[in-house]
Each structure stands twice: as structure tokens, then as C-alpha cells.
Amino acid sequence: MGSAPEPQELLEIAVTVARDAAATAYRMRTEGVSVAATKSTATDVVTAADRAVERQVIEALRRLRPGDAVLGEEYGGADTGPTGPAGVRWIVDPIDGTVNYLYDIPHSAVSLAAEVGGVVVAGVVRNVTTGEEWTATAGGGAWRDGRRLRCSTETDLGQTLVATGFGYDPKRRAHQARVVTELIPHVRDIRRLGAASLDLCFAAEGRVDAYYEKGLAAWDLAAGGLVATEAGLRVGGLAGAEPGPDLVIAAPPALFAPLHDRLADLDASGGP
């Protein structure tokens with residue numbers, strides 16, 4: 001098996017594919033969109049655009065790198081792909097923020113990341129409506145429109161603007177609402193914007209100071225998590241755990257511990 005490709009090479013592919021995918025999503029939104037199916041609950045919707053965009057991404061990656069694996073939100077593992085340290089797996093969320101997309105709220109994105117040997121090394125998040133685009137490579141920094149991103153320098157939890165999100169299961173939402181109710185007196189304010197990848201990118205450039213959420217899948221986290229990390233945020237879970245479905249916290253180093261401890265006290269990773 002050959003050597004692993006360079007992160008920049010993978011990023012260039014990701015950007016090309018994501019831009020085309022976002023253009024398709026934008027066109028389909030202007031033509032009108034409706035619910036094609038539901039997933040975990042009646043409010044967890046899938047549109048025809050979600051499926052069409054993911055198929056487009058998979059087909060493009062098969063042309064450009066036919067031996068790679070692909071993990072997508074709508075179709076799962078599209079290919080077996082290679083194994084070993086040089087193996088590449090692509091992780092795609094065709095439209096992150098599907099409910100925003102359905103309602104024509106301009107906060108949804110195509111998210112595409114590349115893993116090598118199980119480690120995310122390149123990623124792009126592109127807002128479907130605005131065209132804003134965030135990119136990162138492992139060790140190469142996080143960028144938007146040619147500007148290198150640095151996270152917030154806030155050090156006081158009480159002055160921290162925190163983004164979060166809610167799941168689709170009503171019982172989980174009720175638990176998450178209780179966490180927010182208890183957290184909000186201890187921070188500047190809360191924002192619930194509806195697209196995890198964009199929340200992480202907003203944190204990367206200080207549009208919000210920090211972010212946390214329970215229930216993220218790999219496609220929610222992969223590209224945005226790399227952008228956040230490369231912008232200087234600490235991205236982790238509770239009690240030293242890796243970020244994942246139980247909880248993701250992304251915060252500047254000075255804020256991570258106080259936010260982490262508050263969320264641990266509030267059982268933010270608990271509930272359904």
C-alpha cells in the first residue's frame with residue numbers, strides 16, 4: 001500500500017466536491033423543498049436534497065479517489081475502502097441543519113472531512129446559502145476567505161456566549177432544556193442556531209465563545225471539529241473522554257475547564 005496522501009491534497013479535493021455539492025443544495029432549495037422521509041422521530045427530517053447531495057458527493061469521490069471509503073449521514077458506509085495507516089475515509093454530512101434548510105433559514109452547510117488512519121486531517125464546511133467557507137488541515141491552521149482563524153480570548157465563563165443544540169427525541173430535548181435553564185445564569189447568553197458544523201466554525205472565529213452538545217455523530221463533528229481545533233479551541237468530552245455522542249465541548253483553553261465542570265455538574269451528557 002502506498003503512503004498516505006498529504007492533508008493539503010485531500011483538502012483541495014474536499015473543497016472542490018463541497019462547493020459543487022453546496023451549489024446543488026442551493027439550487028434545489030430555490031426550486032422548492034419538501035420532506036422526503038423521517039429518521040429517529042417525526043421531527044428528524046430528510047429532504048430529497050439531502051439524498052441527492054450525498055449521492056453527488058459519493059459519486060465525485062469515487063471518480064477522484066476510487067479506492068477510498070465514504071461514511072455519509074444518509075447512506076452510511078458507501079464503500080469498504082482501504083485499511084491500514086494509509087487508508088482514507090471521507091465523512092460527509094450533505095446538509096447539516098436540514099430543518100433550517102427546509103424552512104429557508106440561511107444556516108445550513110455541506111460538511112466534508114477526510115480521515116487518514118482514523119484521524120481527521122482535512123475538512124471543509126460551506127454554508128449553502130451564504131457561500132461562507134471554512135477549511136482546515138491538521139497542523140495547517142483553520143481558515144476562512146484567506147484569513148487564519150483564532151478562537152475567542154474570553155477567560156470569564158460569566159461573559160461567555162455559548163452555542164448549543166438539541167436532539168430530536170422529546171425526552172432528550174427536555175433534559176437538554178433543563179441543562180440550559182441551569183447553565184444560562186452562569187454565562188453571557190445561549191445561542192441555538194441549528195447546525196453543529198457551523199456552530200463549531202463560529203466558535204473557531206469567535207462569533208461565539210464556546211459550544212457544547214450531546215448526540216453528535218461523526219458527520220456532525222468531523223470537519224467542524226478540525227476547524228475548531230486548528231483555531232485554538234480545545235475540543236473534548238467529559239472527564240478526559242474523546243468528543244463524541246455523549247458530549248462535545250469546544251472552548252478556548254482558559255474556558256474549557258470551567259465550562260466542562262459546570263456541564264458535568266448539570267449532567268449534560270445524561271438523559272436519554
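Some observations on this one:
- Over the chain: helical MRE at 222 nm, DSSP H runs n ≥ 4 each giving -39500 (n - 2.57), nearest 500: -11000 deg cm²/dmol
- Accessible area (Å², 1.4 Å probe, nearest 10) - residue 192: 110 Å²
- Largest first, the residues 269, 3 sort by 1.4 Å accessible area into 3, 269.
- Segment 137-204 shape via C-alpha gyration tensor axes, a/c threshold 1.5: oblate
- Within the accessible surface of the chain, defined with a 1.4 Å probe on protein heavy atoms only, the carbon and sulfur portion equals 50 percent.
- Within segment 161-200: backbone nitrogen closer than 15 Å to the residue 265 label point (7 Å, Cα to C-beta): 179-188
- Remark: segment 54-157 carries a charge dipole of roughly 460 debye about the Cα centre, counting +1 on each Lys and Arg Cβ and -1 on each Asp and Glu Cβ.
- For the chain, the solvent-accessible area of protein heavy atoms averages 42 Å² per residue (probe radius 1.4 Å; ligands and nucleic acids excluded).
- Between helix 253-265 and the chain there is an angle of about 70 degrees, using the helix long axis and the longest principal axis of the Cα atoms.
- For the chain: relative contact order, % (alpha-carbon pairs under 8 angstrom, 6 or more apart): 16 percent
- Summing Cβ point charges (Lys, Arg +1; Asp, Glu -1) relative to the Cα centre of the chain gives a dipole of roughly 260 debye.
- Tensor-based shape of segment 162-272 (alpha-carbon gyration tensor, a/c under 1.5 rounded, otherwise prolate or oblate): rounded
The values are calculated or read from the model by the stated rules, or taken from the named source; none is laboratory data. The structure presented is a predicted model; accordingly, all values stated were derived computationally and were not measured. With ideal geometry, Cβ positions are generated from the backbone for all residues, glycine too; neighbour counts draw on all protein chains shown. Accessible surface is based on the protein model in full, side chains and every heavy atom, while ligands, DNA and RNA are left aside. Shrake-Rupley method; radii C 1.70, N 1.55, O 1.52, S 1.80 Å.
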